[in-house]
Amino acid sequence: MLARTLGFAFVFLAALAVSRPAQAAGAVALMPPYISTAAAGNGAAVDAAFRRSLERQGFQVLPASQVSEELRHLKIDPTKPQAIATLAKVRESLGVDYVVYPRILAVGQGAVSKEVQATILVNVAGTSKGSYLHTRQIAQKFSHSGPSTSGAVIPAGAADLAAAELLKGFYEKAK
């Protein structure tokens, strides 16, 4: 009985010795979301949702303060839309695998559905300087009870759904 128990213990310890912790899927710089036509609070909601989604998928997401500091250093204005060449410069400067750049194009009532929605676009820059690794745009519907949509902010749950949908193709490519 003791030999059998010791045998199981040896096998268990050997398995522990050769197992490795899960590797991170890669390092990501999450750009501050660009807001075209929406209330400012949408930026924080979308940023938090993208960060949660990326981290759940095993990506190492740089702290927002580090990305913001690098943007200042490179003299990049995050309140303006950014071209792929700029994202490539950020990726190289920070030494990350990917730059994820969400843009909130609009929050308001849909033209066809008449429901409140956030139109969000994401671009992901990888190693190519001339093309995106992944790009996707969706209109995420959400509930809003205010008299007007001008101050509407996408709730966390809807932002999480949007981030997961927007990044799904990227996750498939990055594996």
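What follows draws every value from the coordinates through simple rules; no lab data is involved. For clarity, every value in this text was computed on a predicted model and none was experimentally measured. Counting neighbours? That spans all protein chains shown, and the Cβs are built from the backbone with ideal geometry, glycine included.
General observations
- For segment 24-174, DSSP calls about 65 percent of its internal beta bridges antiparallel.
- Of VAL122, VAL100, VAL112, the one that fluctuates the most in a GNM where the chain has Cα springs shorter than 10 Å: VAL112
- Each residue in THR86, THR149, THR79, THR127 was given a count of other beta-carbon atoms within 10 angstrom of its own, and listing them fewest first yields THR79, THR127, THR149, THR86.
- Amide hydrogen neighbours beyond the local backbone of ALA106, cut-off 5 Å, H modeled: THR37, THR119
- Positive dipole terminus of segment 24-174, leading residue within VAL112, GLN140, GLY126 (C-beta point charges): VAL112
- For the chain, the dipole from Cβ point charges (+1 on Lys and Arg, -1 on Asp and Glu) about the Cα centre works out to 280 debye, to the nearest 20.
- Placed amide H near VAL61: partners under 5 Å, 5+ positions off or other chain: VAL28
- Computed helical MRE - 222 nm, the chain, DSSP H runs ≥ 4 contributing -39500 (n - 2.57), nearest 500: -13500 deg cm²/dmol
- Amide H contacts under 5 Å for HIS134, placed H, 5+ residues apart: VAL124
- Bins of 5 Å from zero: percent of alpha-carbon pairs in the chain: 1, 8, 16, 18, 16, 11, 8, 6, 4, 3, 3, 3, 2, 1, 0, 0
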